Amino acid sequence: MFFHDDALFPENQEKLVITVAPYGPEWELDDFRDDLPLTMDEHVQQAVDCYEAGATVLHIHVRELDGKGSKRLSQFNELLSRLREAVPDMILQVGGSISFAPEGEGADAKWLSDDTRHMLAELDPRPDQVTIAINTSQMNIVELMTDDDIAGTSFTRPEVYEAYREMYVPAGPGWVEEHLKRLQAAGIQPHFQLSSIPQLETVERLIRRGRYTGPMMVTWVGIGGGFDGPNPYNMMEFIRRVPDGAVLTLETLMRSCLPVNTMAIAMGLHTRCGNEDTLWGRKGEKMTSVQQIEQLVRIAGELGRDVATGKEARQIYRLDEHYRDADETLAKIGFAPNRKPGQVGFTHHA
């Protein structure tokens, strides 16, 4: 991304899109019962409260009444239907992992099968987005967690901690291409969850080969454990490599969320918060998803950057745009064009 001299002036920045992930599928209910919804009514109310606080993208998981993350698409369909009525302007983004919680004592924390994840393209009503991982990788979400982060939570149990320490993301090339094909056919926008520059390069190759033709929505997921960590050098190099026409959100975990989100606001990028990312405000003090949103709204206000409404967020995300081929996609997103036969030297748009 290219920063002009005036790029840090808020009047020259897009309005801030706040994504909230308020369903915390990795946590058990008792970890933060004041903020983790259980019933369908609680799931819907959580969305309403987050929207009213200023979030315009809702990252969705569903919990069963036994407290475990739901793997039933019927549950997702029911929640999506109710959300369309309760928060009609909110961008509904289904988490492509569905549920990665361990099923019992000592069980692995793992994502569902390829075939099951493909069924997200068949959700009815359809979500606006489904997040998609690129390239199979380790996802050890506890690597950066401190003793303070897990104090008083289910993660203090060795079997839970170990299950998440050994978790990985299955996202091989065959699955990715098929998933992109199905999502696009269903009119669902993929949202790329990228852990590093090699994954960003894979997305670029998919676009160059015509496997994806549409706007580029990216979240940099700096959570360590096989992903980039929340190191400003990692973050800035990733930002530098993302093309100008992409929409970029920054995501990390635990008490790194606030400083990373503050940098995102200042640089004209977008933010993500919620109990899926962190339970904490100040050290040792829990903070609800709504409180996290309200904090980001206050910081944006201090920096002079306006927060997008639901309708403005939908325009920024270009949900209704589709491009005819690789050449148009590359031009719209801001990648250099593909090389033509016989062409030498560096390629560039005129």
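Here are the numbers for this structure:
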item	result
Of all residues making up region 174-197, the number that are outside any helix (DSSP H, G or I) and open to solvent by 10 Å² or more (accessible area, probe 1.4 Å)	5
In region 318-350, residue nearest to residue 265 (Cα to Cα) [restricted to those that are without any contact (Cβ under 8 Å) to a residue 60 or more places away in the chain and part of a helix (DSSP H, G or I)]	331
Region 278-301 residues that are over 18 Å from residue 33 (Cα atoms), paired with ones that are assigned to a loop (DSSP other than H, G, I, E, B) (beta carbon under 6 Å, 6 or more apart)	293/54; 293/55; 297/54
Strands (runs of 3 or more DSSP E) completely within region 1-95 that count 1 or more residues being open to solvent by less than 10 Å² (accessible area, probe 1.4 Å) and without any contact (Cβ under 8 Å) to a residue 24 or more places away in the chain	none
Residue within region 192-211 that is under 18 Å from the mean Cα position of the chain (by Cα) and under 13 Å from residue 322 (Cα atoms) present	no
Those residues of region 238-265 which are under 20 Å from residue 10 (Cα atoms) and small (Gly, Ala, Ser), in sequence order	245, 246, 264
Answer from 78, 85, 64 - the residue that is closer than 22 Å to residue 182 by Cα and among the acidic types (Asp, Glu)	78
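This table checks each residue for (1) of a type in the set (D, E, K, R); (2) touching a residue at least 60 places away in the same chain (Cβ under 8 Å); (3) open to solvent by 60 Å² or more (accessible area, probe 1.4 Å); (4) part of a loop (DSSP other than H, G, I, E, B).
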| position | (1), (2), (3), (4) |
| --- | --- |
| 125 | no, no, no, yes |
| 149 | yes, yes, no, no |
| 164 | no, yes, no, no |
| 171 | no, no, no, yes |
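The values are calculated or read from the model by the stated rules, or taken from the named source; none is laboratory data. These numbers were taken from a predicted model, which means no experiment stands behind them. Positions of Cβ are backbone-derived with ideal geometry, glycine not excepted, and every protein chain shown enters the neighbour counts. We work out accessible area using only protein heavy atoms, side chains counted, and drop any ligands, DNA or RNA first. Shrake-Rupley method; radii C 1.70, N 1.55, O 1.52, S 1.80 Å.
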